[in-house]
Amino acid sequence: MKSKRILSGMQPSGKLHLGNYFGALKNWVSLQGEFECYFFIADWHALSSLYEDPQRIKEYSFEVAVDWLSAGLDPEKSTIFVQSEIPEHAELHLILSMMVPVPWLERNPTYKEKKDEIKNVDMSSYGFLGYPVLQTADIILYKADYVPVGIDQAPHLELSREIVRRFNKLYNKKVFIEPGAKISDIPKLSGIDGRKMSKTYDNAIFLSDNEKQVRKKVQSMLTDPARARREDPGDPQVCNLYPFHKIYSSQAMQDEIASDCKTAKIGCGDCKKMLSQTMLEGMRPMMEKRQEILSRPGDVQEILKEGTLKAHAVAKSTLALAKQTMKLK
Ligand code: TRP
Ligand code: SF4
């Protein structure tokens, strides 16, 4: 019996790339053995930036589910579900919103950053300010002990703990538990142009890319900018491509490349060929699994349906307890 519970979610805002995989998903996959896991598609959260074209959310949700399953999330081990299928998330969000002071939300650094960063959509909505309140509802409905998140999400989690303390104190009962952050160390991976890997920068390698696309993207990767000519020695430490070797290539190959790059014994073209090879080997199991999954898309729907059924029962019982405690029921 796994005693501690993990919960995490992702917004379905497009297909997932290697940055998402090494930043979160890979970690989720490995947590499955040790913890009771709940993973969900945060489609209501996605609405905060996609409210102008909500029809894309369904499509993206399916893509994310396929990415998850291809990467190794296992419905036998984890409960995989869709947020908007469980109205308790919205109801608890509403209840919490009545007791969360607005200044708590306004001082959230992620809120300020994102609001300034996203230019193509107006992010000054009421719902976006309350994003961490909905996120808190997501977590505490399942009494999650830990939430695996990136370091950028740590302030959200601190806020969740504050909200839990406030609720439990107001109604004098430990209905909810304070979730802990499970922050994993994430390898630094940039996109093919050297900026942070992101769908919006058009610099990402997607989990769903085929062999040809992967090769082409690796070929166009930025390398050590000082290495203008083949004869110039390079420095793997400043090269945008080398971190990928650290993930995908053997230690022996990494050492060889590092020394041959510094003496200009190999060119970046050779180095890229080696990377394409090891990267594709690394991605192959995922690529094969994807084909298998896509040949039976009905199974994906079935997995989400079953996960949602199971999650719904938990959410219902927690919300009922919260309402009883508040004497609303
Ligand atoms: N904010 C998360 C993201 O976009 C998604 C999310 C929503 C989440 N609710 C959550 C993550 C609860 C962890 C726990 O990446
Ligand atoms: Fe980077 Fe490889 Fe070129 Fe060196 S040889 S600069 S490690 S791509």
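The values are calculated or read from the model by the stated rules, or taken from the named source; none is laboratory data. Note that the structure is predicted; figures quoted are calculated from it, not measured. Here Cβ is always computed from backbone atoms with ideal geometry, including for glycine, and neighbour counts include all displayed protein chains. Just the protein is used for accessible areas: all its heavy atoms, side chains included, with ligands, DNA and RNA removed. Shrake-Rupley method; radii C 1.70, N 1.55, O 1.52, S 1.80 Å.
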Cross-link reach from K114 to lysines, straight Cα distance under 27 Å and at least 8 residues apart if same chain, gives K15, K26, K58, K182, K188, K196, K199
HN-Hα J in Hz across segment 103-108 - Karplus 6.51, -1.76, 1.60, θ = phi - 60°, x for Gly and Pro: x, 4, 7, 5, 8, 5
On the accessible surface of segment 181-302, probed at 1.4 Å, how many percent belong to carbon and sulfur atoms? 52 percent
Solvent-accessible surface (1.4 angstrom probe) belonging to D122, in square angstrom, nearest 10: 90 Å²
Magnitude of the Cβ-charge dipole of the chain, K/R +1 and D/E -1, about the Cα centre, nearest 20 debye? 700 debye
Under a 1.4 angstrom probe, counting protein chains only, how are R161, R166, R227, R195 ranked by accessible area, largest first? R195, R166, R161, R227
Taking Rh as the Kirkwood radius computed over C-alpha pairs, what is the Stokes-Einstein D of segment 120-176 at 20 °C in a medium of viscosity 1.002 mPa s, expressed in µm² per second? 171 µm²/s
Enumerate the amide H contacts of K196 below 5 Å, restricted to partners 5 or more residues apart or on another chain; note that Pro and chain-start residues carry no placed amide H. G191
Here Rg/Rh (Cα, Kirkwood) for the chain equals 1.02
Skip the ligands, DNA and RNA, and give the accessible area per residue of segment 211-290 with a 1.4 Å probe, whole Å². 55 Å²
Treating every alpha carbon of segment 1-97 as one equal point scatterer without solvent, the Debye formula yields log10 I(q)/I(0) values at q = 0.19 Å⁻¹ of -0.95
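Dividing the Cα radius of gyration by the Kirkwood radius, what Rg/Rh value follows for segment 211-290?
Ratio of gyration radius to Kirkwood radius: 0.99.
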Convex hull volume of segment 178-329 per residue (C-alpha atoms, cubic angstrom): 171 Å³
Would you pull out the residues with amide H under 5 Å of F40's amide H, same chain only if 5 or more places away, H placed 1.01 Å from N? S8, G9, M10, F81
Residues with amide H under 5 Å from that of M123, placed H, sequence gap 5 or more: none
